[in-house]
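Read through the structure below, which is laid out as structure tokens, and then see the notes.
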Amino acid sequence: MLFSSESIAQDKTDVEYEQITDSIFFKDKYGLTVSLDLSRIGKSLWETGYQGIEIGADYRFSEDLYLAGELGNEKSVYNEENIFNETDGSYIKLGANYNLYDNWIGMQNLIYVGMRYGFATYSQNLKSYRIYTTDNYFQPDIRDVDRTFSNLTASWIELQAGIRVNIFGNFYLGAHLQLKTMLSSSTIPNFDNLYVPGFHRTFDYSSIGAGWGYSISYLIPLHTKTKRQAVRN
């Protein structure tokens with residue numbers, strides 16, 4: 001039997017098409033992922049004058065979109081040469097993450113970018129301060145005041161970029177970077193907000209802040225969606 005070059009080429013094309021278009025079906029998990037910020041726990045252990053905890057959660061809303069948020073509490077002591085101050089308060093951040101990573105079958109690792117709106121309520125307790133002078137003839141003039149400024153609030157916008165990888169079962173490890181800009185904060189008479197829970201250190205010459213963190217997470221599957229993925233034979 002004779003075969004023309006045209007028929008052989010057509011048969012080869014059909015085989016390649018079958019190899020490319022074969023597919024498998026699998027269950028893709030959708031659910032709630034709860035996380036604990038390990039960086040704040042570590043900082044609480046090794047840094048004197050700091051105590052903090054943050055719990056986060058995200059819900060997989062669609063293929064690559066995750067509704068996300070964090071809730072935390074921080075207590076930070078600012079003890080420098082000219083001032084001794086203590087900040088104590090809580091914060092909440094709400095927003096979303098978008099996954100940029102194309103997972104293999106059955107995997108749910110993330111490389112994501114996200115945005116948050118942050119809001120904090122806190123107090124500043126000014127313990128003491130030193131009168132600034134360039135004359136070293138007299139002893140330092142330190143004023144003990146122990147004055148508390150309560151019911152303070154602050155809000156900011158935060159951009160995040162991070163990763164989250166599966167380590168075993170439904171457990172994940174993650175790390176992220178934050179870039180923040182302050183939108184509003186309470187004004188304190190004759191004093192500045194030195195630290196805002198959730199935003200961290202503040203500066204009078206800039207409204208920009210930054211941060212980082214790493215966490216451990218657990219995925220609580222709520223439902224699954226059947227997905228189809230093309231594979232080669």
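The values are calculated or read from the model by the stated rules, or taken from the named source; none is laboratory data. None of the values given here were measured: they were computed from a predicted structure. All Cβ positions, glycine included, derive from the backbone under ideal geometry; neighbour counts span all protein chains shown. All accessible areas refer to the heavy atoms of the entire protein, side chains included, with ligands and DNA or RNA removed. Shrake-Rupley method; radii C 1.70, N 1.55, O 1.52, S 1.80 Å.
Within the stretch 175-193, is there a residue that is buried (at least 16 other Cβ atoms within 10 Å of the Cβ), in contact with a Lys or Arg (Cβ under 6 Å, 6 or more places away or on another chain) and in contact (Cβ under 8 Å) with a residue 40 or more places away in the chain? No - not one qualifying residue is present in the stretch 175-193.
Evaluating I83 against the criteria (1) surrounded by 14 or more Cβ atoms within 10 Å (Cβ to Cβ); (2) within 18 Å of the chain's Cα centre (by Cα) leaves one unmet condition, (2). Is it the case, given these coordinates, that L152 is part of a strand (DSSP E or B), surrounded by fewer than 16 Cβ atoms within 10 Å (Cβ to Cβ) and modelled with pLDDT of 95 or more? Judged against the criteria, L152 is not a match. Given the structure, is A210 touching a strand residue (DSSP E or B) at 6+ places or on another chain (Cβ under 7 Å) and open to solvent by less than 60 Å² (accessible area, probe 1.4 Å)? Judged against the criteria, A210 is not a match.
One residue stands out among those in the stretch 146-169 that are in contact with a His (Cβ under 9 Å, 6 or more places away or on another chain) and not small (G, A, S): the one that is farthest from L219 (Cα to Cα), which is Q160. Find the residue count for the stretch 28-64, including only residues that are open to solvent by 60 Å² or more (accessible area, probe 1.4 Å) and closer than 19 Å to I111 by Cβ. Counting residues in the stretch 28-64 that are open to solvent by 60 Å² or more (accessible area, probe 1.4 Å) and closer than 19 Å to I111 by Cβ gives 4. Considering the stretch 194-207, the residues that are over 12 Å from A120 (Cα atoms) and of a type in the set (S, T, Y) include one that is most open to solvent (accessible area, probe 1.4 Å), namely Y205. For the stretch 203-215, the criterion of being closer than 17 Å to G52 by Cα, at pLDDT 90 or above, outside any strand (DSSP E or B) and not β-branched (V, I, T) is satisfied by no residue at all. Residues that are touching a residue at least 12 places away in the same chain (Cβ under 8 Å) and within 12 Å of E74 (Cα to Cα) within the stretch 32-49 comprise R40, I41, G49, listed in sequence order. Yes or no: Y112 surrounded by 14 or more Cβ atoms within 10 Å (Cβ to Cβ), assigned to a strand (DSSP E or B) and touching a Leu at 6+ places or on another chain (Cβ under 7 Å)? Here the answer is yes, as Y112 does meet what is asked. With respect to Y137, is the statement that it is modelled with pLDDT under 95, among the hydroxyl-bearing types (S, T, Y) and not in a strand (DSSP E or B) true? In short, yes.
Please pick out the residue among D14, D58 that is modelled with pLDDT of 95 or more and not polar (S, T, N, Q). Spell out how you get there, then give the answer.
Details: D14 fails: modelled with pLDDT of 95 or more.
None of the other options fit; the residue is D58.
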